[in-house]
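K.L.:
Please read through the structure below; I'll follow up with questions.
The values are calculated or read from the model by the stated rules, or taken from the named source; none is laboratory data. Owing to the predicted nature of the structure, the values given are computational and were not obtained by experimental measurement. Cβ sites come from the backbone with ideal geometry, for glycine too, and all protein chains shown count toward neighbours.
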Amino acid sequence: MHCKNCGNIIHHKYCPHCGQKASVERITFHFLWHQLFHFFTHLEKGFLFTSLGMLMRPGKTVDEYIRGKRIIYQPPVSYFLVWIAIYALMLYLVKEAFGEGAVIDYKNYFGSGVSTQYAINHLGIVLSILLPVFAFYIYLLTSKKIFNYAECLVAVFYALGTIILAQALFVVISVMVFLGTKNSMDLQFSDAFKVIYLFWFGFTFMKQQPLKNRLLRAVFFTLLCFGSFTLWRLIIYPQVSARFLGSH
């Protein structure tokens, strides 16, 4: 038997050259459903486990990953990207089901006209600008003696990914409110989720480290991150998008 992936001769269950299974299942709807279910539930990836950990004990989750306990956790970059994808899919489904702006009122959250629409449709790009900034804040507040900058960047990928998770929950709440009242939810209400989670993440993360004034450091982290995000979305990003997207 020859491997359908690389053409190498196979004598056992797996190809000795590329590792693919000798028996390849034909693609059906059952196959696609199994792949989807496996992705979100199998602890080899640890997606649900990581998501729950980042909600309940984010500091410990990130600290364990950085210090080497990694098999059970979803890798940070893919964790961030998966939640971005889930959030984007949810927004698309809500738009298709209820109409543009019916459930969530964006109210020029990222600037007027095209700016906000582009930001919502390309949230991963818009938020990625803040990743190195937030990582620098953690680096300053934990000191370079504990973590290097790359490790702080890992922490931020996890934190921002979970903030998108919170945004997804906001979408669910918005749908429930719309179904019950026919009123849309102002996207700015979701800022409360961001502030609360930034503090929770900062405090539990600082708590894992041999630092003084952990509570104060967590407060500074929250203020710096949310302040930078607000400055980015209200002033810097609208000007950049107006220049390159032609929004007004």
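K.L.:
THR181 fails exactly one of the following numbered conditions: (1) touching a helix residue (DSSP H, G or I) at 6+ places or on another chain (Cβ under 9 Å); (2) closer than 29 Å to PHE98 by Cα; (3) among the hydroxyl-bearing types (Ser, Thr, Tyr). What is the number of that condition?
P.N.:
If we test THR181 against (1) touching a helix residue (DSSP H, G or I) at 6+ places or on another chain (Cβ under 9 Å); (2) closer than 29 Å to PHE98 by Cα; (3) among the hydroxyl-bearing types (Ser, Thr, Tyr), just (1) comes out false.
K.L.:
Any idea which of (1) surrounded by 16 or more Cβ atoms within 10 Å (Cβ to Cβ); (2) under 14 Å from the mean Cα position of the chain (by Cα) is the one ILE125 doesn't satisfy?
P.N.:
Result: ILE125 passes all but (1).
K.L.:
Between residues in the stretch 85-107 that are under 18 Å from ASN183 (Cα atoms) and free of Cβ contacts under 8 Å to residues at least 24 places away in the same chain and residues that are assigned to a helix (DSSP H, G or I) and of a type outside the set (Lys, Arg), which pairs lie under 9 Å by C-beta distance while being six or more apart or on different chains?
P.N.:
Hits for this filter: ALA97/VAL175.
K.L.:
Quick test of your reading of the structure: PHE220 fulfils all but one of (1) of a type in the set (Phe, Trp, Tyr); (2) touching a residue at least 40 places away in the same chain (Cβ under 8 Å); (3) touching a helix residue (DSSP H, G or I) at 6+ places or on another chain (Cβ under 7 Å); (4) under 13 Å from LEU130 (Cβ atoms). Name the failing condition by number.
P.N.:
The one condition PHE220 does not meet is (4).
K.L.:
Consider PHE80 carefully, then state whether it is in contact with a Phe, Trp or Tyr (Cβ under 6 Å, 6 or more places away or on another chain), among the aromatic types (Phe, Trp, Tyr) and at pLDDT 90 or above.
P.N.:
Criteria met by PHE80.
K.L.:
Out of LEU141, LEU127, report the one residue that is more than 24 Å from VAL172 (Cβ to Cβ) and either part of a loop (DSSP other than H, G, I, E, B) or assigned by TED's automatic domain parsing to the domain that holds ILE173 (or both).
P.N.:
Exactly one residue qualifies, and that residue is LEU141.
K.L.:
Six or more apart or on different chains, Cβ under 7 Å: which pairs go from a residue in the stretch 176-198 that's of a type in the set (Val, Ile, Thr) to one that's at pLDDT 90 or above? Could you list them?
P.N.:
Between residues of the stretch 176-198 that are of a type in the set (Val, Ile, Thr) and residues that are at pLDDT 90 or above, the close pairs are VAL177/ASN183; VAL177/MET185; VAL195/THR222; VAL195/PHE226.
K.L.:
Among the residues of the stretch 208-221, count how many are assigned to a helix (DSSP H, G or I) and within 20 Å of LYS144 (Cβ to Cβ).
P.N.:
Qualifying residue count, the stretch 208-221: 6.
K.L.:
Please specify each residue of the stretch 204-231 satisfying the condition of being under 21 Å from the mean Cα position of the chain (by Cα) and buried (at least 19 other Cβ atoms within 10 Å of the Cβ).
P.N.:
THR204, PHE205, MET206, ALA218, PHE221, THR222, LEU224, CYS225, PHE229
K.L.:
Name the single residue, out of those in the stretch 77-102 being among the hydroxyl-bearing types (Ser, Thr, Tyr) and surrounded by fewer than 16 Cβ atoms within 10 Å (Cβ to Cβ), that is farthest from ILE66 (Cα to Cα).
P.N.:
TYR92
K.L.:
Being assigned to a helix (DSSP H, G or I), of a type in the set (A, V, I, L, M, F, W, C) and touching a Pro at 6+ places or on another chain (Cβ under 9 Å) is true for just one of PHE205, PHE193. Which residue is that?
P.N.:
Residue meeting the stated conditions: PHE205.
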